[in-house]
Structure formats: structure tokens, C-alpha cells
Amino acid sequence: MARPRSSICVSDLIPSMNERMMGRFIIIRRFRCSSRLDTLELILADEKGDRIQASIGLDCLAYDSSRLVEGTWIFIKDFGLVDAVGSVRPTRHAYKILWNLSTSFQRAVVTASVDYFKFVRFEDVLAGLVDPSVCVDLIGRLMCVGNYDEDEGMNSTWEQIYLELENVRGIRIRCRLPKGYATKFFSGLKTCADNIILCVMRFARLELSRGDMRATTLCTCTELLFNPSCDEASRMRLAFASVERKLF
């Protein structure tokens, strides 16, 4: 499939462009927010891994929206751009793609080797060096799981789940998951067979609690992954395994 001559990258997208915009992207997240149930939200990335949000209104949700599947590469043609507003945004891009009635898309075949994560250092989060208005990707070893309000053992009926992730330097960050994520969390946890459980919070929202920064969710945009296949997870697993061999 030939690449459109006017295809552009995420970093090139600015609303002052008068040409008919066309881009090639991978869908890395598809979600809805309770405050905007009539809108389908996408997080797209280009071949360099740069991200941008896209919004599709109810009037543009045609029958083929079911083909907008996570992990799929698409060409999008004739889309608009608007300011990315809100107290917290999924991506740091200043604008987001707006689907309109003339926007169309088709499947694309791309062989890119980027894993599309944007991990940040726990130390930078805890030191307040990371912009809390933009969602982040976190990865760490799952160290503990608890609930301040429940006495019984771990289960999916908890109203909130608190967990701690640790990086290879021994720095921990606390995370809070609302009840809507409980089933996903415990289902994912059951798939982990060994004692080194790596957990990713993708598109995590940062919040201040009792003077410390912690991670939580942004509507249904945040994604939980256990022992993912990516370069950072492979490096982290080797580092933790090496430490355990020295201890024993």
C-alpha cells in the first residue's frame, strides 16, 4: 500500500496548516470517559512513537468504527485539529485530532519496532519534576497490594486498591486504583506465575496525596499490563533476577 504524499508525523501537526491533512498512525488506546459517553477517544502514535489524542463524535461514528482496534495501523485523511484542553491530558501534544464528517480512514501495514511506551523515572515523579497535567507510563515490580478500609483478603469487591511499584534502584511509588479497575487488576494478577511480577500503568494520572505524588487512573484511558513484552521490562526483569541470585 503506497504512503500518501501528504502524510505527516505527530510532531508536525499544527492547526494553521491549510492543506488537507493525512497521517499514518497506530491505535494504542481506545476508550470513553463517563463525562463524554457520546465520544470515542483514541490515543494514536506515529512511527517514532510520538502520541496524539483523537476524538470521534457520535455523528461521525459510522458502522466501520468497530475497525478502530488497538494495535492497528491506519491512514486517516481529512481530519481537523483543536486545542487539547482539560486539567489532565492523556498526551502532552498541545492539540488533538478531531474527526469530522469528511474524515476517512483505511488500514495500513507498517513494520515499526517501537514499543510505544513513554516510561518516566519514579524519582522524577516523587520530586515533582513531572508535569501532573499529562498522563505518564510507569513500570515497576509489584511489591504489595492492600486496601485501607477492608480487613478481608484480596478480592475484586474492594472499593479501591492500593499498590506499590518498585524500580531497580529500590525507589517505590504508590498507586491507587478505583473499583472499576479491581476486576482487571486481579484477573491480570492471576496470569503471573513467578515471583517477579512487573506491572505497567499506561496513561496513569498523577495526584498529590498527603504531600506525596502517587499514580491513579484517568477515566478508562489508563491501562494495566502485567509482565509486558517490551525492552524496559526485559531489562528490569534481568536486574531483579540478578539481585535475587546474589541474595540466595
Checklist entry - So which pairs qualify, if the first residue must be in segment 185-209 and closer than 26 Å to residue 42 by Cα, the second must be of a type in the set (Lys, Arg), the Cβ gap must be under 7 Å, and the two must be at least 6 apart or on different chains? => result 198/141; 198/237; 203/29; 207/214
Item to check | Matching residues, segment 69-90, being part of a strand (DSSP E or B) and surrounded by 13 or more Cβ atoms within 10 Å (Cβ to Cβ) | outcome: 73, 74, 75, 76, 77, 80, 81, 89
Checklist entry - What residue, among those in segment 213-240 that are on the phi < 0 side of the Ramachandran plot and polar (S, T, N, Q), is surrounded by the most Cβ atoms within 10 Å (Cβ to Cβ)? => result 222
Next on the checklist: Go through segment 1-35 and report how many residues are of a type outside the set (A, V, I, L, M) and at pLDDT below 65.
Outcome noted: 8
Checklist entry - Which of the residues spanning segment 91-107 are in contact with a helix residue (DSSP H, G or I) (Cβ under 7 Å, 6 or more places away or on another chain) and surrounded by 17 or more Cβ atoms within 10 Å (Cβ to Cβ)? => result 93, 99, 103
Next on the checklist: Being closer than 23 Å to residue 146 by Cβ and not basic (Lys, Arg) is the requirement here; does residue 220 meet it?
Outcome noted: no
Checklist entry - Mind checking whether some residue in segment 36-59 is over 30 Å from residue 200 (Cα atoms) and either open to solvent by less than 70 Å² (accessible area, probe 1.4 Å) or modelled with pLDDT of 90 or more (or both)? => result no
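The values are calculated or read from the model by the stated rules, or taken from the named source; none is laboratory data. In this text, all values refer to a predicted model and were calculated from it rather than measured experimentally. Using ideal geometry, Cβ is built from the backbone for each residue, glycine included, and neighbour counts are taken over all protein chains shown. Only protein heavy atoms, including side chains, enter the accessible area calculation; ligands, DNA and RNA are left aside. Shrake-Rupley method; radii C 1.70, N 1.55, O 1.52, S 1.80 Å.
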